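Laboratory data are not the source of any read-out in this text; all were calculated from the coordinates shown. Since the structure is predicted, the reported quantities are computational estimates derived from the model, not experimental observations. Heads up, the Cβs are rebuilt from the backbone with ideal geometry, glycines too, and the neighbour counts pull from every protein chain shown.
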Amino acid sequence: MDQLKLLYLIPVDLGFSPEGGIYSPEQIRIIYSLKHFVAENASTARKMLKKCGYPHPLQEVEIVEFNEHTRAMPETMADVKKMLTDVPVCGLMSEAGMPCVADPGHEVVRLAHELKIKVVPLHGPSSIMQALVASGLNGQQFVFHGYLPVKTEFRKSKLRELQVQAQKSNYTHIFMEAPYRSNQILQDIVSVLSDLISLCVACEIGTPEEYIETKKIGQWKKSLPDLHKKRCIFCISA
């Protein structure tokens, strides 16, 4: 009988670990049993392993780095496939939060399904879901859009499109931005959207600097927070 192969989806803290860490005893047991990982960032993965008291020498750990820069390299996917095929149990780690949301890890999971490998998600922090539940906006119907276009004119066009969708459906629309562009996208949001649209700004979730506030665009225009180099999630709804 073939041995069951497993791929564990391992959450990573959002930049700050509370006392006792983010993992349950059972999750710690699973992580300690692994020596092979696919990670968005190898350095972050090693730091997280060290932080949770990983008992094995880190130089013995195999990590294949799979991210937006390496995913297009044929040898990267070949290395991932070899690990999934040759090793009975592997782990997948994101840069922060849950794997596969706003990172390319979903391609690894899809490959695991194609290879008939059992995928096991471990519960953990998700800045996207935490922003939604703290926003006071519609949590029954929502859409996550990831990152909006980088170029200003395309980003503003996308914001107008999201406003129309929100007004038609009352869905909550969620998106994020690179920390160094957080102030710029906030300026774009308040300059493009109607004063009656609700906006939640949720930044540095899960850290001591956490800030979450929901107001109408018209209210935001009176005073904007400084989001420079802050990791932010934005939620809008009609």
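The table below lists the values:
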quantity: For SER127, SER33, order by how many other beta-carbon atoms lie within 10 Å, fewest first; calculated: SER33, SER127
quantity: Mean ellipticity per residue at 222 nm, deg cm²/dmol - from DSSP H runs of n ≥ 4 across the chain, formula -39500 (n - 2.57); calculated: -10500 deg cm²/dmol
quantity: Directionally averaged projected area (convex hull, Cα atoms, segment 127-237), nm²; calculated: 6.0 nm²
quantity: Segment HIS106-THR70, length gained on full extension (0.36 nm per residue, minus Cα span); calculated: 11.5 nm
quantity: Centre separation in Å (Cα based) which lies between segment 97-137 and segment 165-219; calculated: 22 Å
quantity: Candidate lysines for bridging to LYS116, where Cα separation is under 28 Å - those fewer than 8 sequence places away on the same chain excluded; calculated: LYS5, LYS35, LYS81, LYS82
quantity: Cα pair distances of the chain binned at 10 Å [whole percent]; calculated: 7, 29, 29, 22, 11, 2, 0
quantity: GluC sites (Glu not before Pro) restricted to DSSP loop in segment 1-80 with at most 11 other C-beta within 10 Å; calculated: GLU19, GLU68
quantity: The chain: most fluctuating residue of CYS90, CYS200, CYS52 per GNM, C-alpha cutoff 10 Å; calculated: CYS52
quantity: Hydrodynamic radius of segment 6-121 per Kirkwood, over alpha carbon pairs, in Å; calculated: 14.1 Å
